[in-house]
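What follows is calculated from the coordinates using simple rules that are stated; it is not laboratory data. This structure is a prediction, so every number in the text was calculated from the model and none was measured. Cβ: placed from backbone, ideal geometry, glycine included. Neighbour counts: every protein chain shown.
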Amino acid sequence: MKALIDRNVGEDPRLEAFKKQWFENKDCLDIGCNQGLVTIGLESMDGCSEQYDTILCLSVTKWIHLNWGDDGLVTLFVKIWRLLRPGGVFIMEPQPWSSYKNNRLVSEVAKENFNTICIYPESFREILLDKIGFRSVELIADRLVGTVSGFNRPIEVYHK
Ligand SMILES: C[S@@+](CC[C@H](N)C(=O)[O-])C[C@H]1O[C@@H](n2cnc3c(N)ncnc32)[C@H](O)[C@@H]1O
C-alpha cells in the first residue's frame, strides 16, 4: 500500500506527528477508523493482508475495553502483535480512565465491564512491553494543539 502523509497535513494534527516511514509503501491497518478521516489523510486504503507493517488504534481501546472487558483488550493486543511483521509499529492513542466514566452507562455490558476492569490505561504500556513482547515504545505526541476536542491525547508508538 502506498501512503503519503503530506497532502492532508493540517486537517488533523495527529497526521503531523506520524513519521512517513511508518506509512510509505507499507501495509497499514487502521482499527476503528470511524469515517476514515485519518486513513484518508494517510492515503492508505485498508486492503486485506495477512500481516501489516503499521497498525493504528486511535481512540478505540476504551470502546473495546468497555464492550469486551480486560480479556477483550488483551486479545486485541495479542492479535495486533500477531498481525504485525517483525519491525512493524503499533500506533496507539488510548483514552484515559477518566473518559471511561463518561461512557460506562451506554449499555448493561459496558456497565458490567466498567465495574470489573482491573487493567487501567496507565498499565497498557507495561502489558505491551512485558507481556505482549514489544521491544520499545516512544511517545510521539503528548498533547496536540488544534486537535478535535477529545482527541488531544498522548500517542504512543510500539516497535515489534
Ligand atoms: C472515537 S472513534 C475514533 C475514530 C478514529 N480512530 C480516530 O481516531 O479518528 C472510535 C471508533 O471505535 C470504533 N469502535 C467502537 N467499538 C469498537 C469495537 N468493539 N471494536 C472495534 N472498533 C470499535 C467505532 O466504530 C469508532 O470508529
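Our coupling estimate for the stretch 111-122, obtained by passing each phi through the Karplus curve with A = 6.51, B = -1.76, C = 1.60 and θ = phi - 60°, is 4, 5, 5, 4, 6, 10, 5, 10, 9, 8, x, 5 Hz, Gly and Pro reported as x. Mind listing the long-range amide H neighbours of residue 58? Cut-off is under 5 Å, sequence gap 5 or more, other chains count too, H placed in the peptide plane at 1.01 Å from N. Hits under the 5 Å cutoff: 31, 93.
The residues 48, 28, 33, when put in order of fewest to most other Cβ atoms within 10 Å, stand as 48, 33, 28.
Farthest towards the positive end of the charge dipole of the stretch 13-155, among the residues 137, 39, 72, is the Cα of 137, using unit charges on the Cβ of Lys, Arg, Asp and Glu.
Each Cα pair under 8 Å and six or more residues apart adds its separation to the average, and for the stretch 13-155 the resulting relative contact order is 24 percent.
Past 23 Å, Cα to Cα: identify those pairs from 26/62; 79/131; 79/111; 26/79, in the order given.
26/62; 79/111
Taking the DSSP bridge list for the stretch 13-155 and keeping only pairs wholly inside it, about 10 percent are antiparallel.
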